[in-house]
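The values are calculated or read from the model by the stated rules, or taken from the named source; none is laboratory data. Small disclaimer: the values here were computed from a predicted structure and weren't measured. Cβ: placed from backbone, ideal geometry, glycine included. Neighbour counts: every protein chain shown.
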């Protein structure tokens, strides 16, 4: 019977080995499968006749071929790759949108200024003015289209973040259930359950970077962010996405365990969700802000210059584009946190576009003081005592003023300040007809034909058309003046020419220097230096020579003002005087291009590292079909040999029976 029992033990043990090998072969192409190996060990021998006689073989255990460090490396590499992959996907969209050579902003700006030059060449031409209006509408539309597309992309990204949060919660629940199944499966957990849990963790790593910790009871704890527990034992937390109380256009992620909920948005990294958050902060939001800032600079500069000119109707020019400090727009630059309990109402006035950057800010109150924090550079700009509304607080280094319009904040109240983000959408053209383009200067200065000296008008500068000189009488100066040189060299007088008869306003004004340009009204001093314009005379005027200054009625052929409008294209009005309009926008194109290229490089590198991590794990845990085929033959032969042992035992037993009949 002992021989028979030994044969049966060999038969059963090798049958298990064949089954395990067959299982390996069947799962050779299953991702995440770890090959299994049957460990065989001899049974305890039996003492007989003064010796220990062997009693056969038994299964020691079915071992899962697995290396924990390789799994951890695979998780990390997976999180990195999918972060760069999702970042790259969104960055490529922004790069294509901003850098489009046919439909980009730079081409639209160039088209506008080309049409403006056409008006400068022929300022009285209605067709040229109409072309300029058409190009203006095209440019404004282009700004709005790009802003709208970026806004749509943000909406899509937010939807992805919400979907990923739900998927993370589902995977966490699966891992918790597998933990439970593993702990209840007995002393030795099924290798297939362990594999399934690793597969779920790898899937989780595609979505978010996780840290895992194996526990003594066989479970694995999973952590996200800065150590927030996602799974512990058979309990899983849930992730949920919701609108940021401070900015409804941004999604926050909360992790909830029981009745406790924690915002982990700023702690999230890796995986698809980490890549999405990074691309929003590093690419999409800067795109919004630079686009809005360029639109602001264009609007403000052209509004200022158009207001200093005269249109074909002989009227002073007005705003060409939307006023950057329109009260509604000022208010829209501030969003209140939905958690605020105070009543403070704030707005932002843009003061200096040359120093205004692309940052977003947070203003919050704590301990009775406000703190202005730059969310882009992550630096504190200022801390100051809460003012009593109405009040203003200027931040010269940032280029804007915060207006405390009414109410008061309570400690804990917070506000998000976005000075430039949405102006590309607010940007619009205000003039409705070609005649309204203020191409001409509203000032006409004429040299008397009877003058005998070499004095000449070398410049007319208009700086402010809101003075009483321009506004008292429509389409006229109040007063029109004459500058006449006195007998004393270097002296001149100013006369009121309202009625055509000279009326002395000031005489014997000294300081004129022959042979160089002289700003006459500045020399005359108050009140002439506050008229809102300046007349520059050079050469060598003689006594009695005079120059008349009037409103430029019917001067539609004059291009003095629109020429100055054309200078806006190349004026370095942005980035502390280092960039013009197109250069400033070119910088964000370059930034996005660099970020996109960097993401491509990082993504390719991460893909290589992920491949290597998979290969290392596969080399340890993967199924080698040649090896399994050899094992199959080996165990088959052992099985057949054990069957032969049973056959011999049966023959011997039969011989014994036959001998005693």
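Details
- Hits in region 527-556 (condition: surrounded by fewer than 16 Cβ atoms within 10 Å (Cβ to Cβ) and either in a helix (DSSP H, G or I) or without any contact (Cβ under 8 Å) to a residue 40 or more places away in the chain (or both)): 527, 529, 530
One line per residue, one yes/no per condition, for (1) farther than 18 Å from residue 272 by Cα; (2) over 33 Å from the mean Cα position of the chain (by Cα); (3) surrounded by 16 or more Cβ atoms within 10 Å (Cβ to Cβ):
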position: 137; (1), (2), (3): yes, no, no
position: 169; (1), (2), (3): no, no, yes
position: 172; (1), (2), (3): no, no, yes
position: 190; (1), (2), (3): yes, yes, no
position: 219; (1), (2), (3): yes, yes, yes
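- Total residues in region 251-281, condition surrounded by fewer than 21 Cβ atoms within 10 Å (Cβ to Cβ) and out of contact with any helix residue (DSSP H, G or I) (no Cβ under 6 Å at 6 or more places or on another chain): 15
- Residue 161 meets all of the listed conditions (1) surrounded by fewer than 19 Cβ atoms within 10 Å (Cβ to Cβ); (2) assigned to a helix (DSSP H, G or I) but one, namely (1).
- Those residues of region 505-522 which are within 18 Å of residue 482 (Cβ to Cβ) and touching a strand residue (DSSP E or B) at 6+ places or on another chain (Cβ under 6 Å), in sequence order: 505, 506, 507, 509, 512, 518, 519, 520, 521
- Flag for residue 583 being surrounded by fewer than 18 Cβ atoms within 10 Å (Cβ to Cβ), in contact with a strand residue (DSSP E or B) (Cβ under 8 Å, 6 or more places away or on another chain) and under 30 Å from residue 278 (Cβ atoms): yes
- Subset of region 253-267 [under 12 Å from residue 224 (Cβ atoms) and not in a strand (DSSP E or B)]: 264, 265, 267
- Qualifying residue in region 592-614 (condition: crowded, with 18+ Cβ neighbours inside 10 Å and farther than 30 Å from residue 276 by Cα): no
Conditions (1) touching a helix residue (DSSP H, G or I) at 6+ places or on another chain (Cβ under 8 Å); (2) surrounded by fewer than 21 Cβ atoms within 10 Å (Cβ to Cβ), marked per residue:
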site: 18; (1), (2): yes, yes
site: 26; (1), (2): no, yes
site: 39; (1), (2): no, yes
site: 53; (1), (2): yes, yes
site: 80; (1), (2): yes, no
site: 87; (1), (2): yes, no
site: 90; (1), (2): yes, no
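- Answer from 305, 362 - the residue that is touching a helix residue (DSSP H, G or I) at 6+ places or on another chain (Cβ under 7 Å) and either in contact (Cβ under 8 Å) with a residue 12 or more places away in the chain or buried (at least 22 other Cβ atoms within 10 Å of the Cβ) (or both): 305
- Just one of the listed residues (338, 347, 354) is surrounded by fewer than 16 Cβ atoms within 10 Å (Cβ to Cβ) and touching a strand residue (DSSP E or B) at 6+ places or on another chain (Cβ under 7 Å), namely 354.
- Qualifying residues in region 309-321 (those that are buried (at least 24 other Cβ atoms within 10 Å of the Cβ) and touching a helix residue (DSSP H, G or I) at 6+ places or on another chain (Cβ under 6 Å)) - the one nearest to residue 444 (Cα to Cα): 309
- Taking region 557-583 as the range and being touching a residue at least 24 places away in the same chain (Cβ under 8 Å), in contact with a helix residue (DSSP H, G or I) (Cβ under 9 Å, 6 or more places away or on another chain) and more than 15 Å from residue 462 (Cα to Cα) as the test, the residues that pass are 566, 568, 569, 571, 573, 574, 575, 581, 582.
- Listed here are the helices (runs of 4 or more DSSP H) enclosed by region 559-661 that have at least 2 residues being closer than 26 Å to residue 103 by Cα and assigned by TED's automatic domain parsing to the domain that holds residue 116: 581-621.
- Hey, residue 14 surrounded by fewer than 19 Cβ atoms within 10 Å (Cβ to Cβ) and over 29 Å from residue 154 (Cα atoms) or not: no
- Test result for residue 562, under 28 Å from residue 311 (Cα atoms) and over 50 Å from the mean Cα position of the chain (by Cα): no
- Checking each residue in region 59-71 for being exposed (fewer than 15 other Cβ atoms within 10 Å of the Cβ) and modelled with pLDDT of 80 or more picks out 67, 68, 69.
- Exactly one residue out of 408, 438 is in contact (Cβ under 8 Å) with a residue 40 or more places away in the chain, part of a loop (DSSP other than H, G, I, E, B) and within 30 Å of residue 134 (Cβ to Cβ), and it is 438.
- Looking only at residues of region 401-432 that are within 30 Å of residue 554 (Cβ to Cβ) and modelled with pLDDT of 95 or more, we find that the one that is surrounded by the fewest Cβ atoms within 10 Å (Cβ to Cβ) is 430.
- Only listed residue being more than 17 Å from residue 210 (Cβ to Cβ) and free of Cβ contacts under 8 Å to residues at least 24 places away in the same chain, chosen from 134, 158, 180: 134
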